[in-house]
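Asker: My questions will all concern the structure given below.
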Amino acid sequence: MKKIPLSLNWTRKLNQPKGDPVPVDLPDDFILNLPRVPDAVSGAACGFFTGGRAVYTKSIDVPADWSGRHALLDIDGAYMNAEVRLNGQSLGVHPYGYSPWQLNVTDALIPGEANELEITTRCVQPNSRWYSGGGLYREVSVWLGNPTRVEPWDVFAYTLEASERSAAVRVEAYITNSLDSPVSGRAYVEVGGQTISERVDLPPTSRYRVEFTVNITNPQLWSAESPNLTDLIVGIETDQGIDEHHARIGVRSIEIDAKNGMRVNGAPVKLRGGCIHHDNTLLGAAAYPRAEERKIQLLKEQGYNAIRCAHNPPSSAMLDACDRLGMYVLDETFDCWVLGKNDQDYHLYFRDWWERDTEAMVRRDRNHPSVFCWSIGNEVIELGGVSDGPEWARRQAGLVRSLDATRPVTAAFFGWIRSARTKESPSKTAGFRPDSSFDIDRILENQDASAEEVHAFMSSRLSFAMMDGFVDGEDVFAEISKASSDALDVVGYNYLYKRYKLDAEKFPERVVIATETHASNTYDYYHAMLDSPNVIGDFIWTAYDNLGEAGAGRVMRGVKDLKDGMLGPWPWLSCYQGDLDLDGNRRPQSYYRKVMWGLDRGVSLFAKPPRYAGTTDYGLGWQWDDVCQSWTWPDWVGRPIDVQAYADCDEVEFALNGKSLGKADVKKLKANFTLEYQPGVLEAIAWRDGVVAARTELRTAGAPARIELAADRNEISADGIDLCFIKVRVVDKDGATVPTDTVELSADVEGGKLAGFGSGNPCVDENYGNGKRRVWNGLALIAVRAPATAGEIRVTVSGGGMMDSVLRIITSPCGQERD
């Protein structure tokens, strides 16, 4: 079947809040540009964004020669409670906002006329623990084929065996015959330069299964390090003509066990993983292919070799990027089952829809070589035994294996799970028990609490997120998690690194994957994983900052911050947990982690804002030390400032304006030092085995002098959907970035569209969609959308009393129409 994108020339009308019809192109997140408000129903969970209802319409000129053809409408994701009408006919509804959806629209189409397609989406909050977005935020397409055809989700290709010399690929497919009469023809498969075919006789209105095994000599194997892709064609030739499905697959073998860990093509692999939510920050939830690709490129550059799609199926564009660039993917279905986490979330639909949504994800994604494991849930309350959790785990894992027996199935356990209550026994909870020695009410109200009490209390709150599953000496977690764990091939542990060694002894055949780990003690998590063959990878929460879950990664200065709860108060925007900020700029922990992973032998240097010198940075585990790459503190001359360096070395020497101030020992790859702030140049010199191994510096910046623009690509495709990302810097006369947060900039785009304008600031009261943004640490990011015709895009950025800065981007013709 041929894929025909329907990305361009839609109309969108908001009914909640009310609005006039406006022209839009897909992907489109209609929530992003609505005003953020302090009293949003979902509060910080959704970044203080609201919900709403949007109706999308598109007129499709259907050629007369579509008569007698078969058509599938493919919606890769619509958030949520989507309803489709074609030419006034209701064709169906789809509650889940993340799973793909295919509808047979053959009988509703009118060939030779303009057809009216209408898709309604409803985002009724509270329905998510993070920013969901809303609308047709992923690709919408039509698949067109013959009455006798190969449908896109009916092909499954997997590797039976693989080595450098040879490989065997198994291809299983269904051929559908929609005719009321039998059809004969030739079914065939082409892969790796080999073609195999067989004669088939298809009964009327049937799906006919074909199977081929293709042997390949000297295959180009796929791995994250060498992402070689192979073309696959599965076709059927009859008197109607030829109908084919084209895909790109990866020939690779993956083996996983508790003794030897994970091996890809026979080579051992430890997963340096990161969890990511689905949004693209300044673009909202809109899954532009280039935005998805850029995200994976940036994570690859930082040393990641795996991502976990938290906590829902990703876009097809994301998986395509992971296949091309080389990134292992943990593909996940749900954040809840029958017990909800929000009033309007998926638990309302789970019982009726879990099979359809799980099947859609697996059938769509199983040909992606990047996908190494399926997950059926994250921190699902039922996993401890309540609400028939073990039975739900068995049913879901069984369905996944029936669709794909080549990959393991997991689910992510949190320490806080509970068992079912029965007449014979009360419910047990494997969770945190607060230290009863604290007078919690007095400390929370700050009634004569000493600094020592506050420190001990705040530290105890941090330990809440680092549980080991024991309660009063009893291993409750092991007891109540076993039934659900037995249904899985790999068991996901969120924040349970203290159990790695213990469970290797208790459950010697259990394979563990650290599905979420904290930033604040990442060293301990990572080395616990390295020391445990049964643990195949470590997935940091999170790799890339996201909208919503706002303020969860913030530094807490004391009891007042803790009283606000896990999430931050208005105007927190993002979770502030990522190695990369909202614009994709590196945060300090990304430098640390690259050293920890053995991928950086240099040294990096950071300073703590001097107003916090000598204070302790608390948090709930997801925070990082409050440091930044700045030596520009004009109001703090002559006062103490704390600095920090990361390096795999013995000690770090600190020098200011050419004068050595002393050395600090390196502990767990960190060196801390306090000095008196003076402007100029601060150096960090890493010493290893008595010799200088690396050095770096921070320099004081001057006043803002000009705006610099740097495009990630100077030429993009004129396909109406490609993007150019432009990094914006406010610099001084010498070209150094000025770490200011006060300069507001405006962007104007000619010849294209301003798709997004944002900064990395996680706590800001600004709205998107108005063409303006204040820089953060002197930086901002612009995304420009290509037109559908070749030409030139002109981007002008102005503000801060500086001269306008202009950038030109070429848009070149592309081969695929997207209307």
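Asker: Can you return the lysines within cross-link range of Lys506? Criterion is Cα-Cα under 22 Å, with same-chain partners fewer than 8 residues away left out.
Answerer: Lys259, Lys428, Lys482, Lys498
Asker: Sticking with this structure for a sec: What are the residues whose amide H is under 5 Å from the amide H of Met327, where those residues sit 5 or more places off or on another chain and H is modelled from the backbone?
Answerer: Here nothing satisfies the definition.
Asker: Choose one of Val797, Val595, Val731: the residue whose Cα lies farthest towards the positive end of the charge dipole of the chain (beta-carbon charges +1 Lys, Arg; -1 Asp, Glu; about the Cα centre).
Answerer: Toward the positive end, the furthest listed residue is Val731.
Asker: Another one. Can you grab the distance from the C-alpha centre of the stretch 68-119 to the C-alpha centre of the stretch 37-64, Å, no decimals?
Answerer: Their Cα centres are 18 Å away from one another.
Asker: Considering only the other residues whose Cβ falls under 15 Å of the Cβ of Pro38, what net charge follows from Lys and Arg at +1 and Asp and Glu at -1?
Answerer: Charge balance in the 15 Å sphere: -3.
Asker: What do you reckon, how do Asp331, Asp388 stack up by accessible area (1.4 Å probe), largest on top? Don't jump to the answer; show the numbers that get you there.
Answerer: Working: Asp331 0, Asp388 110 Å².
Accessible-area ranking of Asp331, Asp388, largest first: Asp388, Asp331.
Asker: Post the alpha-carbon centroid distance, the stretch 762-819 to the stretch 654-723, in whole angstrom.
Answerer: 27 Å
Asker: Could you give the length gained on full extension between Val37 and Asn9, defined as 0.36 nm per residue of separation minus the Cα-Cα distance, in nm?
Answerer: 7.0 nm
Asker: Taking 18 Å as the cut-off for C-alpha to C-alpha distance, list the pairs among Lys270/Lys667; Lys594/Lys667; Lys727/Lys772; Lys560/Lys608; Lys563/Lys608; Lys594/Lys670 that go past it.
Answerer: With Cα atoms farther than 18 Å apart: Lys270/Lys667; Lys560/Lys608; Lys563/Lys608.
Asker: At 0.36 nm per residue, and after removing the present C-alpha to C-alpha distance, how many nm does the segment from Val22 to Ser402 gain when stretched out fully?
Answerer: Taking Val22 through Ser402 to full extension adds about 132.3 nm, to one decimal.
Asker: Tell me the relative contact order for the chain as a rounded percent, counting alpha carbon contacts under 8 Å between residues six or more apart.
Answerer: 10 percent
Asker: Sticking with this structure for a sec: ³J(HN,Hα) across the stretch 109-125 via Karplus (A = 6.51, B = -1.76, C = 1.60, θ = phi - 60°), whole Hz, x for Gly/Pro?
Answerer: Whole-Hz 3J(HN,Hα) from phi for the stretch 109-125: 6, 10, x, x, 9, 7, 10, 9, 9, 10, 10, 9, 10, 10, 10, 9, 8.
Asker: Over the alpha-carbon set of the chain, divide Rg by the Kirkwood Rh and report the Rg/Rh ratio to two decimals.
Answerer: Taking Rg over the Kirkwood Rh, I get 0.97.
Asker: Run the 1.4 Å probe and let me know the accessible area of Ser812, rounded to the nearest 10 Å².
Answerer: Looks like 30 Å² after rounding.
Asker: Of the beta bridges DSSP finds with both residues in the stretch 255-405, what % are antiparallel, to the nearest 5?
Answerer: Of all bridge pairs located within the stretch 255-405, approximately 35 percent are antiparallel.
Asker: I would also like to ask the following. Between Asp65 and Ser197, what is the FRET efficiency for a Förster distance of 22 Å, r being their Cβ-Cβ separation, to the nearest 0.05?
Answerer: 0.20
Asker: While we're looking at this one, here's another question. Could you give the C-alpha radius of gyration of the stretch 98-172 expressed as a fraction of 2.2 N^0.38 Å, taking N as the number of residues it contains?
Answerer: Details: Rg = 19.7 Å, N = 75, 2.2 N^0.38 = 11.3 Å.
That ratio works out to 1.73.
Asker: List the trypsin sites (Lys or Arg not before Pro) within the stretch 152-230 that fall in a DSSP loop (any state other than H, G, I, E or B) and whose Cβ has at most 11 other Cβ atoms within 10 Å.
Answerer: Arg165
Asker: Calculate the spin-label point distance for Ser181 paired with Arg688, positioning each point 7 Å from the Cα along the beta-carbon direction, and give it in nanometres.
Answerer: Rounded to a tenth, the inter-label distance reads 7.6 nm.
Asker: So, one more: What is the set of long-range amide H partners of Glu332 at a cut-off below 5 Å, with H atoms built 1.01 Å from backbone N?
Answerer: Under 5 Å from the amide H of Glu332: Cys309, Asn312, Ser375.
Asker: Determine the sum of side-chain charges near Gly799: Lys and Arg each +1, Asp and Glu each -1, restricted to other residues whose C-beta is under 15 angstrom from that of Gly799.
Answerer: Combined, the nearby Lys, Arg, Asp and Glu give -1.
Asker: Which value in deg cm²/dmol, rounded to the nearest 500, describes the helix-derived mean residue ellipticity at 222 nm for the chain, given -39,500 (n - 2.57) per DSSP H run of n ≥ 4 and division by the residue count? The partial results should precede the final answer.
Answerer: Details: 11 runs with 113 residues, N = 819.
Computed ellipticity for the chain at 222 nm equals -4000 deg cm²/dmol.
The values are calculated or read from the model by the stated rules, or taken from the named source; none is laboratory data. The structure displayed is predicted, hence computed values, not measured ones. Here the Cβ is made from the backbone with ideal geometry for all residues, glycine too, and neighbour counts use every protein chain on show. The area values use the complete protein model at the heavy-atom level, side chains included, leaving out ligands, DNA and RNA. Shrake-Rupley method; radii C 1.70, N 1.55, O 1.52, S 1.80 Å.
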